[in-house]
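Here the structure comes first, spelled out in structure tokens, and everything after it is commentary.
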Amino acid sequence: MKFMKLGSKPDTFYNSESIRSVSSEVSSDLVVQVNGTRYLLHKFPLLSKCLRLQKLCSESPDSSQHQIIQLPDFPGGTESFELCAKFCYGITITLSAYNIVSARCAAEYLQMTEDVEKGNLLYKLDVFFNSCILNGWKDSIVTLQTTKAFHLWSEDLGITSRCIEAIASKVLSNPLKVSLSHSYSRRGRDRDDISCNGSKTTSKGWWAEDLSELSIDLYWRTMIALKSGGKVPSNLVGDALRIYASKWLPNISRSHENGETTHSNSKSRLLLESIISLLPMERTAVSCSFLLKLLKAANILRASSSSKTELAKRIGIQLDEATVPDLLIPGSSNDMIYDVEVIMNILEQFLLQSQSPPTSPPRVKGRFERHRRSRSANNGDFELQESRRSSSASHSSKIKVAKLIDGYLQEISKDVNLPLLKFTALAEAIPDFARLDHDDLYRAIDIYLKSHPNLNKTERKRICRILDCKKLSMEVCMHAAQNELLPLRVVVQVLFYEQARTAMSGGQLTDLPSNIKALLAAQDVASKAPGSISTNRSMVQPEDQWSVSGFKSPKSNLSTLRMKLAEDDDLDENFHDGLSKANSSKVKQLCSLPNRPKRMFSKLWSTNRSASEKR
């Protein structure tokens with residue numbers, strides 16, 4: 001920190017309660033009152049340098065002993081006035097980044113200009129401000145912070161804008177590195193790197209933590225100046241915003257749980273909306289996790305709808321980078337635990353960003369035509385390859401998002417207040433090709449059925465209509481076959497497709513219906529497709545009894561299926577075409593295969609055969 005001492009005489013001010021005076025052989029003839037404090041001074045040294053005091057003395061009547069001057073709204077209070085008075089008396093004063101603003105405002109108030117006396121205080125303060133304060137990194141930041149106490153004065157005198165310009169110019173000169181030759185020494189925990197010329201420099205983003213000390217209005221103006229310069233990479237701007245948010249928005253969730261909705265929340269809301277307005281437009285500037293944290297804070301602080309919409313759009317662009325915990329945004333109402341509606345909006349934005357992958361390969365050219373391709377054709381092939389690459393990336397991202405949403409459904413399905421329509425709407429929003437398997441979706445449905453035991457038969461059928469039994473693994477099929485919460489139609493479908501798959505894989509059945517063979521063949525192709533996601537078995541919890549050994553317990557038996565069959569008079573009218581079109585002889589042959597699931601399916605089919613034949 002740079003200091004400046006003006007004057008050579010010792011400090012001869014002394015205090016006596018609220019009266020302060022200067023020891024001198026000459027009796028005082030002027031009383032100056034500043035914020036309740038009276039100063040016994042002399043006219044000559046003060047009036048010779050302060051034009052305002054000259055005018056006030058000429059306007060006020062003289063008394064027999066002291067002339068009294070009132071300075072009610074003196075900027076900086078008594079400390080600033082004493083500094084100016086000491087300068088008038090030739091007493092040494094010390095200037096630094098901490099008092100330069102108050103001293104400058106006080107000197108302006110007293111009109112201590114060059115017109116009154118050469119080398120006056122205003123001139124010396126401006127020299128110190130320009131040559132020392134603005135050339136120092138930390139000095140500029142500290143001075144900018146002190147302008148808050150003198151907002152109007154600092155704006156009128158240009159102190160605030162000049163500090164911001166100085167800070168921005170230092171960052172823009174080299175956003176990644178800066179020399180530590182200025183007066184400010186970095187904190188001990190910051191690591192220094194060695195630059196090419198051997199001088200010590202700080203790592204990239206060196207300025208972000210220092211700027212995080214600023215209040216939001218000054219920070220916003222400084223970041224606007226940095227962004228307008230066009231030299232700071234967007235990822236560094238994003239890192240700076242993340243550092244600032246982590247410093248000033250750390251306990252929003254805790255305050256929300258404690259019911260704190262006071263003035264501090266309104267300040268936090270303003271800060272949050274300012275950060276959102278500063279976010280760079282580039283996709284890689286900030287992480288999706290950071291954006292979702294901002295959205296979570298926006299929900300808690302009840303930020304403006306425009307801020308939430310902006311965040312939803314940005315998150316939708318990079319939703320494939322998110323994790324399930326990131327999506328668990330607390331609901332703004334007391335009904336549901338999580339805000340499902342905002343995730344629906346984000347998913348909609350994501351699906352609008354990319355097109356579905358091509359369904360058929362491009363035509364391959366013959367040998368003669370390939371040899372005669374021109375340069376323009378080569379360029380066209382390059383563009384086609386880029387298009388395929390982009391399409392492949394889009395396809396991969398949708399597969400990731402499908403897994404993400406299925407994991408999110410498992411979390412929100414535990415909420416007893418989650419409406420069925422919201423669950424099904426979110427589950428059905430995922431394209432069919434993006435779900436390579438339905439194991440996670442089945443688990444989410446199972447959790448929802450357990451958390452909502454009062455669902456009627458129609459509602460249970462409605463939620464299970466999302467499920468594709470052909471995309472279930474064997475472990476999940478075993479669980480579904482004995483799940484008492486599932487509608488009978490789903491259980492029969494699971495058994496049918498599992499037996500068909502077992503028969504085809506074992507080679508024990510060659511005359512399956514053509515439509516069943518086509519379905520199984522399509523499933524095999526999808527499972528062997530590159531980039532397919534394998535089913536995660538480790539996510540299963542022991543209490544859910546998803547393992548095969550769990551089904552061998554006494555509680556797992558075929559009587560539950562018979563009871564479910566007895567409760568239903570007929571199968572659902574939307575029973576899958578693969579089962580309805582299969583003739584009875586082929587189904588009998590399928591059910592006669594010697595393994596336990598086939599016997600289960602045979603018993604189910606024999607009990608309900610009459611019902612299916614009527615249709």
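Pairs, please: C-beta under 6 Å, at least 6 apart or cross-chain, first residue within 14 Å of GLU310 (Cα to Cα) and in the stretch 278-294, second small (Gly, Ala, Ser) and open to solvent by 10 Å² or more (accessible area, probe 1.4 Å)?
Cβ pairs passing all conditions: PRO280/SER234; GLU282/SER234; CYS288/ALA322.
Taking the stretch 327-348, which residues are assigned to a loop (DSSP other than H, G, I, E, B), of a type outside the set (A, V, I, L, M) and open to solvent by 20 Å² or more (accessible area, probe 1.4 Å)?
First pass over the stretch 327-348, keeping only residues assigned to a loop (DSSP other than H, G, I, E, B): 328-329, 331-337, 339.
Subsequent filtering for residues that are of a type outside the set (A, V, I, L, M) retains 331-335, 339.
Scanning the stretch 327-348 gives SER332, SER333, ASN334, ASP335, ASP339.
Answer yes or no as to whether ASP126 is at pLDDT 95 or above, acidic (Asp, Glu) and under 22 Å from TYR219 (Cβ atoms).
It is false that ASP126 is at pLDDT 95 or above, acidic (Asp, Glu) and under 22 Å from TYR219 (Cβ atoms).
(1) within 25 Å of LYS118 (Cβ to Cβ); (2) surrounded by 15 or more Cβ atoms within 10 Å (Cβ to Cβ); (3) modelled with pLDDT of 90 or more; (4) not acidic (Asp, Glu): which one isn't true of SER48, the others all being true?
(2)
What pairs come up if the first residue lies in the stretch 228-246 and is open to solvent by less than 60 Å² (accessible area, probe 1.4 Å), the second is among the hydroxyl-bearing types (Ser, Thr, Tyr), and their beta carbons are under 6 Å apart, counting only those six or more places apart or on different chains?
ILE243/SER212; TYR244/SER212
Restricting to the stretch 280-326, give me the number of residues that are assigned to a loop (DSSP other than H, G, I, E, B) and open to solvent by 20 Å² or more (accessible area, probe 1.4 Å).
8
Report every pair of residues separated by at least 6 positions or lying on different chains whose Cβ atoms are under 8 Å apart, first residue within the stretch 210-227 and part of a loop (DSSP other than H, G, I, E, B), second open to solvent by less than 60 Å² (accessible area, probe 1.4 Å).
Sorted first by the residue in the stretch 210-227, then by its partner, the pairs are SER212/TYR219; SER212/ALA240; SER212/ILE243; SER212/TYR244; GLU213/ILE141; LEU214/ILE141; LEU214/LEU144; LEU214/THR222.
Exactly one of (1) open to solvent by less than 40 Å² (accessible area, probe 1.4 Å); (2) modelled with pLDDT of 95 or more is unmet by PRO175. Its number?
(2)
How many of the residues making up the stretch 436-494 are of a type outside the set (A, V, I, L, M) and not in a loop (DSSP other than H, G, I, E, B)?
Count: 23.
A quick yes/no check of all residues on (1) closer than 12 Å to ASP439 by Cα; (2) at pLDDT below 90; (3) crowded, with 23+ Cβ neighbours inside 10 Å; (4) not aromatic (Phe, Trp, Tyr):
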site: ASN454; (1), (2), (3), (4): no, no, no, yes
site: VAL476; (1), (2), (3), (4): yes, no, yes, yes
site: ARG489; (1), (2), (3), (4): no, yes, no, yes
site: TYR497; (1), (2), (3), (4): no, yes, yes, no
site: ARG501; (1), (2), (3), (4): no, yes, no, yes
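Here's a check for you: in the stretch 408-438, which residue that is surrounded by fewer than 19 Cβ atoms within 10 Å (Cβ to Cβ) and of a type in the set (Asp, Glu) is nearest to LEU472 (Cα to Cα)?
ASP432
The values are calculated or read from the model by the stated rules, or taken from the named source; none is laboratory data. Since we're looking at a predicted model, the values are computed, not measured. So basically every Cβ, Gly included, is an ideal-geometry build from the backbone, and we count neighbours across all protein chains shown. Side chains are part of the model used for accessible areas, which takes the heavy atoms of the whole protein and leaves out ligands, DNA and RNA. Shrake-Rupley method; radii C 1.70, N 1.55, O 1.52, S 1.80 Å.
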